[in-house]
Amino acid sequence: MLSGMRSEDTRLRALAVALVTGLATYAVLAGERVPGAGPRKVVDRTRVSTRTAEVVFLSPTGELLIKQSERTRTLHLSTVLDGRVHAIGFPRSLLKRDGDQLVGEVKLAGEGEDVLARFALKPDVPSDSVEISARVDARKPHTFRLRADWIEQGAVFVSGSGVLVDAGSAQGRIAILEHGDHPLAFTSREGEVDVTLERPEGAPDPRSDDAATADGGAPGVGRAQGHHASLVSPEIVLNRVEATDPHEDLARAPRNRTGLVIAIGGSATKVWGQAFLAIGQKTEGVGARVTGTHGPTLMYGLDLEGKPRVRVPVVPDTRVQVDVPISVVSWYAALGSSETSAPVRFVPGTRHDLKLDVAPGGELKVHVVDGDTKQPLVARVIVHGVEGTLDPTFGPDYRASGAGPLVDVLHGEFVTPLPQGRYRIAATHGLEWSIDAETIEILPGRSRSVELALRRVVPTPGLVGCDLHVHARPSFDTPVSQEDRVLSLVSAGIEFAVPTEHNIVGDYTPSLSVLGLGTTLFSVPGVEITTYNPRLGHFGLFPYPTTGGLPPYRNTTVGAIFKHARQGGQTRVLQVNHPRLPKGIGYFQLHGFDPKATSRPSMRTEFDAVEVYNGYDLGDRGRVEAVMRDWFALLNLGYRFAATGSSDSHRIQYQWAGYPRTLAIVDPAQGGDGTSAVDTQAVVLAIKRGRSLVTTGPIVELQVDKTGPGEEHTGPLPEVAHVRVLAAPWVDVTRLEIVADGAVVAEQAIPSQPLTIGDEKGTLDEAAARAVRYEGEIKLALPPKTKWIVAVARGERKLDDILPFMPIQPLGFTNPVWLKP
C-alpha cells in the first residue's frame, strides 16, 4: 500500500527525533514585527485558529502543533515525491499569510526535474478543522502525496478497514486517532488516506484479550504504547493520460492537488460529524443507547457491504448522538472481543433512537418445507423486527448466508442467535409460491422454533422461470460469489439462468455441482458484452462457448459485435440490455433512437431481443413504460423483437435475483417438473421466438383463436381474445389492458383483494383457483391492418411491505401475438 517507503526507516527515525525540537523552534518563530507599524503590531506567520484549537506551523522543521486546552499534539509533515520521503522545510520568510490561511512554496527534487509544491494551511471554524494542502506543478510524470507522522498512545480506527492498535496498515476515508477526550480525525477531500502503525523497536507487544483487530471484528478498546504512526494523503498522478478502461482505477487519474484535513474533536462522538462536514459529506443524526452492560463499550456502524465505518465509545444506559452519512446502516455494540449485541439495521435520520442490547438474547430455529410434499425447500428467510424491535443484520448485502435481515437457506434450515424482542419470520420461494410467516417472541436464554410451509399456488406447467441477465464474480462490479448467486436464484424460484458477466464468459456448472442444485437450476454459459472506447451499449449473448475467446468489446463497432454474435447461428440469443440506461450505457440512448419516428432507425438492428424490464427499474414503473414504448415503436416498424425481463442483479439484499423474470413457454415435457430436466435448447429457442411472458408478479396468459405469444394468427382480424391473469395471494393486480399496435384497445378492471401471507388453507386445487384473478373473453375492436396485440396486467400496491427493499408495483405482459391477414 505504501510501496517504496519501507526503505526510509532511517529517515523516519530522524523525523521522530525532530518532534522533540519543534517546541523550541516555535518560541523563536511565533511572530514577526511589521515594518513601520510600531513595536506592538505583529503579523503571525505561523498560526491559525479553529473553533477549539490553535494550530502552529513551523515551516523550517515541517512540524504542526495542535494546541487544545492544556494539551499540545505534534505532527511532523513531509512529502512523498516519486516514492521518496522529503521533509517539508523552508525559511520563515517564504511563509505568508493570505486571508485566514498560511501559504508557502518549496522546490522538491524529483526524478529528472525539480517540482514546485505550493502549500496552504487553512482553518475551517464550522467543522473545527484545519487542512494542509499542496498544489504541484511539473512538466514530467510524477507521483506526489502529503504525509503526517506522530508518536502517541492511542488506537487508530480507519473507516472502512477497522482499528489498528499494534502494527499494520489500512486504507479508508477517515482515520481517527483515539486517545483521551479529544480525538483527532484525519481525512482528505480527494479520497482515501493510507495509515501505517509501527511498534518502536524492542517495545513489548501491547495486545491483550481486549485488543482490537484490524479486520473490524468485535474489537475492544485497545491501547498502543508510544507507537509511531504515519498517514498519507491520496496520490497525485501528474502528466498521465486518463484511463479509459472501465476496469482501471480512475482514482489515479491526473490532478495536481492533494491534502489532509484534521478535524479537532471536541469529543469522541462529535469528531465524526466534524470530519464528514470538513470534506462536504452530508450526514444525519443517530441517537443511540446501549444496554445490558456496565463496562466501557464501543458502538460500531457498518455500511451496506458490512465494512466498519464508524466506531464510538459509549457509556451504558446513556444516550449518545453521532452524525454519519446515510450509507452507515447497520449497528452493533461490543464489550471486549466476546460480548456483542446482535447487529441491527438503523438508517441515520430515523426519528426514534437506536437501542443496542449487549445482554444475552435467545435463539431462532427456522425450518422451511414444501407445504404439500413436506420436503425441505430452498427459500429466502426474512427476519423482520416488529413492535419496536429493530431488524437484525446477518451480514453484508452480497452474501446469501446473510444479507441484512435476509438469509437464503440451502437445505431449508436456519439457526441464529437473536436479541430479545418480537419478530415476523417469513419465507419466500418466488412468484408462484405462497409466503408463510409467523410472529414470534425471542426471550433471553430460550430457543424458539418456527416451521414455515410454502405452497405452489400458481400452477405454471409449460412455463420456465428465467433470469437472463445476472451478475456474480468475476464481474468487476459485484462482490457476490458464484455459489451465492446460484443459491439466490434458486431461492427465488428461478429454473433457468444465464451468468452474463462483463466481458467474461460465465458458467454456473461448477457452483451447481458444489451446491447439489444441478437438477433444480439449469443454465447455459453467457456473457454481457460491455463496450468502451467507444461506448456502444451493453449486449447479452447466450449460449456462448467457454473456450475460444470473447466477443469484441473494445475499439470495435456495433457491426463487428453483431456479426460475431451471428456466428452462433440460430442457437444464440443476442439481447440489447437496459437500452435506456443513462451515463453512456444504454444502446437506444447512445444511438439516439426516437420512438416517435415513422422510419426505421439508423442504429443497427440485427439483434433478437430487447430487455424491456430491467431490475434497475423496479422502483420506477415510468422507466419501464418508456422502454415498452420503444419496443412498441420497433414492432410497428416491422421488427419482431422479443421482449424480456431480467434482474441484472449485482447484490443479494437489494435488486433481488429473479425480479423481473421471463417465463419461457415450452412443451410441459420440456419444462421440467422437479424430477425431469429442463430442455435448455427449447428454452433458448422459445426466448428467441418471443414465446414468453415478462413479470414481477402477475402472470398473463393470452390466446387468440388458440394462438399464443410469439405465434402468428392468420385470417380475419380477431374479435375476441382469451386472457387469464394469475398471481400469488401477496401480489396486487388491479387492471388488464389489451394493446394493439401500441394503442390500448380494451381495458378490464380487476377487483383488488386483500393481500395475504401466512398459512395457505385448503387443497392445492382450491389455492390454485384463488390465484386466478381474471379469466374471460375480451372483445376486440381492432383497426384495419393491425399487426400485433399484447396483454398487460398491472397492480398498484408495492411489494416492499412483504419483500423488503423491493419497491415494485407489480407488472406483467406478454410478447406479441402476430396478426397476418
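The values are calculated or read from the model by the stated rules, or taken from the named source; none is laboratory data. Owing to the predicted nature of the structure, the values given are computational and were not obtained by experimental measurement. When we count neighbours, we look across all protein chains shown, and the Cβ atoms used for this are built from the backbone with ideal geometry, even at glycine. Protein only, heavy atoms only, side chains kept; ligands, DNA and RNA dropped before computing areas. Shrake-Rupley method; radii C 1.70, N 1.55, O 1.52, S 1.80 Å.
What strands (runs of 3 or more DSSP E), lying completely within region 746-821, carry at least 3 residues that are under 32 Å from the mean Cα position of the chain (by Cα)? Because the criterion is at least 3 residues that are under 32 Å from the mean Cα position of the chain (by Cα), the strands (runs of 3 or more DSSP E) in region 746-821 that meet it are 788-794, 811-814.
In region 452-493, what residues are at positive phi and over 29 Å from the mean Cα position of the chain (by Cα)?
462 - this is the single residue of region 452-493 that is at positive phi and over 29 Å from the mean Cα position of the chain (by Cα).
Taken over region 767-806, the criterion of being open to solvent by less than 10 Å² (accessible area, probe 1.4 Å) and hydrophobic (A, V, I, L, M, F, W, C) is satisfied by 767, 771, 788, 789, 790, 791, 792, 793, 799, 803, 806.
For (1) among the charged types (D, E, K, R); (2) buried (at least 17 other Cβ atoms within 10 Å of the Cβ); (3) not in a loop (DSSP other than H, G, I, E, B), each residue gets a yes or a no:
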| residue | (1), (2), (3) |
| --- | --- |
| 282 | yes, no, no |
| 285 | no, no, yes |
| 290 | no, yes, yes |
| 293 | no, yes, no |
| 321 | no, no, yes |
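For region 672-682, the condition holds for no residue, the condition being that it is buried (at least 24 other Cβ atoms within 10 Å of the Cβ) and within 38 Å of the chain's Cα centre (by Cα). Kindly indicate whether residue 454 is touching a residue at least 60 places away in the same chain (Cβ under 8 Å) and open to solvent by 20 Å² or more (accessible area, probe 1.4 Å). Judged against the criteria, residue 454 is not a match.
Residues of region 709-720 include at least one that is in contact with a Lys or Arg (Cβ under 9 Å, 6 or more places away or on another chain), of a type in the set (S, T, N, Q) and surrounded by fewer than 24 Cβ atoms within 10 Å (Cβ to Cβ). Taking the criterion of being outside any loop (DSSP other than H, G, I, E, B) and open to solvent by 30 Å² or more (accessible area, probe 1.4 Å), the residues of region 355-369 that qualify are 355, 357, 363, 365, 367. In region 585-604, the residues that are within 18 Å of residue 538 (Cα to Cα) form Cβ pairs under 7 Å with partners that are of a type in the set (Asp, Glu) and modelled with pLDDT of 95 or more, at six or more places apart or across chains, as follows: 588/630; 593/630. Contact map, region 539-556: first residue closer than 20 Å to residue 684 by Cβ, second residue open to solvent by 80 Å² or more (accessible area, probe 1.4 Å), Cβ cut-off under 7 Å, separation 6 or more or different chains; pairs are 543/571.
Taken as a whole, the structure leaves residue 22 outside the set of residues that are modelled with pLDDT of 50 or more and of a type in the set (Gly, Ala, Ser).
So that you can scan it fast, the table gives a plain yes or no per residue for (1) modelled with pLDDT of 95 or more; (2) surrounded by fewer than 21 Cβ atoms within 10 Å (Cβ to Cβ); (3) under 11 Å from residue 368 (Cβ atoms):
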| site | (1), (2), (3) |
| --- | --- |
| 393 | no, no, no |
| 405 | no, no, no |
| 410 | yes, yes, yes |
| 424 | yes, yes, no |
| 430 | yes, no, no |
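Quick one: in region 65-115, which of the residues that are among the hydroxyl-bearing types (Ser, Thr, Tyr) and buried (at least 20 other Cβ atoms within 10 Å of the Cβ) is farthest from residue 264 (Cα to Cα)? Restricting to residues being among the hydroxyl-bearing types (Ser, Thr, Tyr) and buried (at least 20 other Cβ atoms within 10 Å of the Cβ), the top hit is 79. Given the structure, is residue 275 touching a residue at least 40 places away in the same chain (Cβ under 8 Å), open to solvent by less than 50 Å² (accessible area, probe 1.4 Å), part of a helix (DSSP H, G or I) and on the phi < 0 side of the Ramachandran plot? Judged against the criteria, residue 275 is a match. Total residues in region 541-554 satisfying the condition of being under 22 Å from residue 592 (Cβ atoms) and out of contact with any helix residue (DSSP H, G or I) (no Cβ under 8 Å at 6 or more places or on another chain): the figure is 0. Of note, residue 309 does not satisfy the criterion of being at pLDDT below 95, assigned to a strand (DSSP E or B), open to solvent by 70 Å² or more (accessible area, probe 1.4 Å) and over 16 Å from residue 339 (Cβ atoms).
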